[in-house]
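Novice: I'd like to ask you about the structure that follows.
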Amino acid sequence: MTGQRIVIAGASGFMGQYFVRRFREEGETVVTVGRSGSDVTWGDTAALEAALDGADLLLNLAGKSVNARYSGKTMAAIFSSRLLTTGELGRAVEAVASPPKVWLNSSTATIYKHSDERPNTDEDGIIGEGFSVNVANAWEGEFFAHARDETRQVALRMAIVLGDGSALAPLLALTRLGFGGTQFGGKTRGGRQMFSWVHIEDVYRAIRFLQRDVTIDGTVNISSPNPVRNRELMATLRRVLGVPFGIPLFRWMLELGAFAIRTETELLLKSRWVLPTRLLAEGFEFEHPELEGAVRDITGRA
C-alpha cells in the first residue's frame, strides 16, 4: 500500500501527530490540513481541492479538544470546530473530479448511553443524550451529508484513546500522587462504571484495516474488546506504576479537581461500555487487547 497520498485534517493533535509519523514510516505521502504550520490551511479552497483530488485516503481528526470546562463559549467552539471543518472537507470532496477513495472521519463512542448493564455494540448500541451525544450526532450527520458514490465513508466511533499525552496522563498523575483509588459519584455506584479504551497503535491499525476492507462503511466502533470497570482501571494503573495504595475519590473531590485543571468529570464517571463487534467479525486482531499490557507499552514499564 506504499506510495499513497494520505490527507490528514487536524494533524497537529495527539492522534494526528502519531498518525502522520506512522503513515510516513510506511512510505506514504502525507498532506496535512489545519491552521498555521500545515500543508493546507482551512479556508484555502483551491489548495484543499488540489490535495483531495486523486487522494487515496482522507482522515479527518479536526475538532477542539473536549478536555475543557463546558462553558457556553467552549461548547459552541466544540460544536463549530467539528461541523465547520467536516463541512469544508465535504464540499471539497463533492467538487473534485477524482475524490478520495476512502474518507474516515472521527466520531466518538461517547455517542452511546451511560451503560453498566450491557455493552453497546455496532449492531445494537443505544444512543444516549446530553451535550457530548448532541455533538456526536451532529458531527456524523454533517459527515454523511457529503456522500459521493466514488468515496467510501466510515465514521470512527472511538473509545478513549490511550497513548503518550492522551487522557491517560492525568490518571497516571493522580495515581503517582496516591489518589489512584476508585472514583465514586456517577450514575453507577461502587466504581462499577465501565471504561472503554483503545491503544493508539490499534487505532492506526484499524484505520489501515478499514482502508483495505472495501465492504465496511457507515459507523464502526474503535475500542478494545476488553473494557474494564473503573476499580479495575485504577488497580491496573497502581500495579503498573508500583504504587501500593490509592485514596478513593468521591464526586465532590473530582469536581474540585476537574475545576482546578479546567476539565469535566465525565471521563471517569460516565459508564462507557463499547465493543468493536464489526471489526472483530471482519477479522481484525488487536495488538494491545488487554489494558495492563497497553499501559505498560505506553509508559515503558514492560
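Since every read-out is calculated from the coordinates, none of them should be taken as a lab result. All of these numbers come straight from a predicted model, not from anything done at the bench. Quick reminder, even Gly has a Cβ in these numbers, built from the backbone with ideal geometry, and neighbours come from all protein chains shown.
Novice: What is the chain's relative contact order, in percent, from Cα pairs under 8 angstrom and six or more apart in sequence?
Specialist: For the chain, the relative contact order is 18 percent.
Novice: Mind pulling the per residue volume of the convex hull built on the Cα atoms of the chain? Å³ is fine.
Specialist: 128
Novice: Fewest first, what order do Trp197, Trp42 take by the number of other Cβ atoms within 10 Å?
Specialist: Trp42, Trp197
Novice: By DSSP, what percent of the beta bridges with both residues in the chain are antiparallel, rounded to the nearest 5?
Specialist: Working: 4 of 36 bridges.
Taking every DSSP beta bridge within the chain, about 10 percent pair in antiparallel fashion.
Novice: If you don't mind, another one. Would you work out which of Gly242, Ile207, Val7 lies farthest towards the positive end of the dipole of the chain, given +1 charges on the beta-carbon of Lys and Arg and -1 on that of Asp and Glu, about the Cα centre?
Specialist: Gly242
Novice: Let me ask you something else. Calculate, for Arg91 and Phe250, the FRET efficiency according to 1/(1 + (r/R0)^6) with r their C-beta to C-beta distance and R0 51 Å; round to the nearest 0.05.
Specialist: 0.60
Novice: Please build a GNM for the chain, connecting alpha carbons under 10 Å apart, and tell me which residue among Arg82, Arg229, Arg118 fluctuates the most.
Specialist: Arg118
Novice: Using amide H atoms built in the peptide plane, which far-off residues or other-chain residues are under 5 Å from Ile222 H to H?
Specialist: Answer set, sorted by chain and number: Arg157, Met158, Ala159.
Novice: From the P(r) of segment 108-221, can you give the percent of Cα pairs sitting at distances over 19 Å? Let's see the in-between values first.
Specialist: On the way: 3780 of 6441 pairs.
Cα-Cα pairs in segment 108-221 separated by more than 19 Å: 59 percent.
Novice: Follow-up question, since we're still on this one. Place a label point 7 angstrom from the Cα of Glu282 along the Cα-to-Cβ direction, then list the residues of segment 97-135 whose backbone nitrogen is under 14 Å away.
Specialist: 102-105, 122-123
Novice: If you keep only loop residues by DSSP, which GluC sites (Glu not before Pro) in segment 54-129 have at most 13 other Cβ atoms within 10 Å of their Cβ?
Specialist: Values: sites: Glu88, Glu94, Glu117, Glu123, Glu129; in loops: Glu117, Glu123, Glu129.
Hits after loop and neighbour filter: Glu117, Glu123, Glu129.
Novice: Would you tally the net charge around Val40, using a Cβ to Cβ cut-off of less than 13 Å, leaving Val40 out, and scoring K and R as +1, D and E as -1?
Specialist: Spelling it out: positives minus negatives among the neighbours equals -3.
Novice: Just to check I understand the Karplus step: with θ = phi - 60° and J = 6.51 cos²θ - 1.76 cosθ + 1.60, what whole-Hz values come out for segment 280-289, glycine and proline as x?
Specialist: Whole-Hz 3J(HN,Hα) from phi for segment 280-289: 5, 5, 7, x, 5, 10, 7, 7, 10, x.
Novice: Still on this structure, I have one more. Test of understanding: express the Cα radius of gyration of segment 1-138 as a ratio to 2.2 N^0.38 Å, with N the residue count.
Specialist: My calculation over the Cα atoms of segment 1-138 gives 1.15.
Novice: To the nearest 20 Debye, how big is the dipole of the chain about its Cα centre, given +1 on the beta carbon of each Lys and Arg and -1 on that of each Asp and Glu?
Specialist: 1320
Novice: Can you work out ³J(HN,Hα) from phi for every residue in segment 124-139, in order, using Karplus 6.51 cos²θ - 1.76 cosθ + 1.60 and θ = phi - 60°, giving whole Hz and x for Gly and Pro?
Specialist: 9, x, 9, 5, x, 8, x, 4, 4, 5, 4, 4, 5, 4, 5, 5
Novice: With unit charges on the beta carbons (Lys and Arg positive, Asp and Glu negative) and the dipole taken about the Cα centre of the chain, which residue among Leu233, Ser106, Ala47 sits farthest to the positive side?
Specialist: Leu233
Novice: Quick one: 3J(HN,Hα) in Hz for segment 22-34, Karplus 6.51/-1.76/1.60 with θ = phi - 60°, rounded, Gly and Pro as x.
Specialist: Listing the rounded values in order: 5, 4, 5, 4, 8, x, 7, 8, 10, 10, 9, 10, x Hz.
Novice: Of Phe144, Met158, Gly125, which is farthest on the positive side of the dipole of segment 121-174, counting Cα position, with +1 on Lys and Arg Cβ, -1 on Asp and Glu Cβ, and the Cα centre as origin?
Specialist: Final value for the positive-end residue is Met158.
Novice: Moving on. For segment 138-206, with only Lys/Arg (+1) and Asp/Glu (-1) charged at the beta-carbon, what is the dipole magnitude about the Cα centre, in debye rounded to 20?
Specialist: Computed charge dipole of segment 138-206: roughly 480 debye.
Novice: Counting only helical runs of four or more DSSP H residues, what would the 222 nm mean residue ellipticity of the chain come to if each run contributes -39,500 (n - 2.57) and the total is spread over all its residues?
Specialist: -12000 deg cm²/dmol
Novice: For segment 111-162, with only Lys/Arg (+1) and Asp/Glu (-1) charged at the beta-carbon, what is the dipole magnitude about the Cα centre, in debye rounded to 20?
Specialist: On the way: 5 positive and 10 negative charges, 29 e Å.
Charge dipole, segment 111-162, about its Cα centre: 140 debye, nearest 20.
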